[in-house]
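Below is one structure, written out as structure tokens, with a few remarks after it.
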Amino acid sequence: MSQAVAAPDVETLEKTSTNELLDKGWNVIVWNDHINTMIHVTYVFQRVLGFDAVKAREKMLEVHFLGKSCVATAPREKAEFYWQRLQQFGLKTTIERVV
Amino acid sequence: MIIERKHDALEISLEQGERAALHLIFEKMLFAYQMPPEELDPRVESEWYQTSLNRKSGFTAAEYAEWRDLLHILRGEHVPLLEKWLQILNGTEGHLVWTIPLDEADPLIMITNDYRLHRAAEADITEADMEMPVEEISSEDKKMALYEIDSLATLGGALIQSITNIPDEPLNESEHDET
């Protein structure tokens, strides 16, 4: 039996669109640690983030020398996906909102 | 141990001792992956589920628990593979040529790396321990842990090299200069 569907609240739609516009994205940060090897980190960057060999090594060296590297900026859902995949490979990873 | 790429598979040649070592590692991970995270050694839980980093991200306790449980479920998805590999390693004694399809390479890399992290956490391996000559380490448990961690780093590197062109090389001269 069908039921009448209430029209979406215009104010709610406007607020949602504004929030999406204001969300500049989320940074995915990989942190240095003393157990994961360089080749492992480089491989994971290629595998999970789709980096080519040069970029993967460059980002790995950033993690190694600077202690951390921002490896991606993406909408929250994608950032969380990267966060999850990188952690599955044992990399120390956090996400933070872009300000 | 020799690892060779053969079309869409990897052939891993194992001597008896290497088989036994891998068997122990897979058994330990099979057990750990089925244990609720809160029942793990707290040092291992902290290492595997990045407790302090997630607090740094501003996760609430509820958010942390949700993410930790998701990662635990994902680890649990490796249980059937571990059971299969243990059966293979249980086979006839002596030298074994273990063939794994390419799509099992990533899980193998994840699992062996998980073991390294697990062992390092259990044995309280510090950055200083990693850089010290093994003979200067006084604790026998730390020595054994470092040996295992190092051996699995070699295995992990060999696996990765067999499926990619990534060289397992130390920093070159110009990269050293960045310090």
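The values are calculated or read from the model by the stated rules, or taken from the named source; none is laboratory data. Just so it is clear, the structure is predicted and the values come from calculations on it, not from any experiment. Cβ coordinates were reconstructed from backbone atoms using ideal geometry, including for glycine residues, and neighbour counts include every protein chain displayed. Quick note on the areas: whole protein, heavy atoms, side chains included, nothing else; ligands and nucleic acids left out. Shrake-Rupley method; radii C 1.70, N 1.55, O 1.52, S 1.80 Å.
What to note about this one:
- Mean partner shielding of peptide B:25-35, defined as the number of other chain Cβ atoms within 10 Å of each residue Cβ, is 0.
- Peptide B:43-51, shielding by other chains (average Cβ, 10 Å cutoff): 2
- When the pairs A:K55/B:K6; A:K24/A:K78; B:K6/B:K142; A:K92/B:K142; A:K92/B:K84; A:K92/B:K28 are compared against a 25 Å limit on Cα-Cα distance, A:K55/B:K6; B:K6/B:K142; A:K92/B:K84 fall above it.
- In the context of the full protein assembly, A:H64 retains an accessible surface of approximately 70 Å², using a probe radius of 1.4 Å and ignoring ligands and nucleic acids.
- Ranked order, B:T99, A:T94 - accessible area, probe 1.4 Å, largest first: B:T99, A:T94
- Positive dipole terminus of region B:4-66, leading residue within B:W48, B:S13, B:I25 (C-beta point charges): B:W48
- Compared with the direct C-alpha span, the chain from B:I163 to B:I88 gains 24.8 nm at full extension, assuming 0.36 nm per residue.
- Its residue count N sets the reference 2.2 N^0.38 Å, and the alpha-carbon radius of gyration of the protein assembly as shown equals 1.15 times that reference.
- Relative counts (whole %) of C-alpha pair distances in chain B, using bins that are 10 Å wide: 8, 30, 34, 23, 5, 0
- Summed side-chain charge close to B:R75 - residues other than B:R75 whose Cβ falls under 11 Å, Lys, Arg +1, Asp, Glu -1: -2
- Residue mean of other protein chain beta carbons inside 10 Å, B:154-160: 3
- Between the C-alpha center of region B:52-86 and that of region A:23-37 there is a gap of 17 Å.
- Sum of side-chain charges, A:I29 neighbourhood, beta-carbon under 14 Å (Lys, Arg +1; Asp, Glu -1): +1
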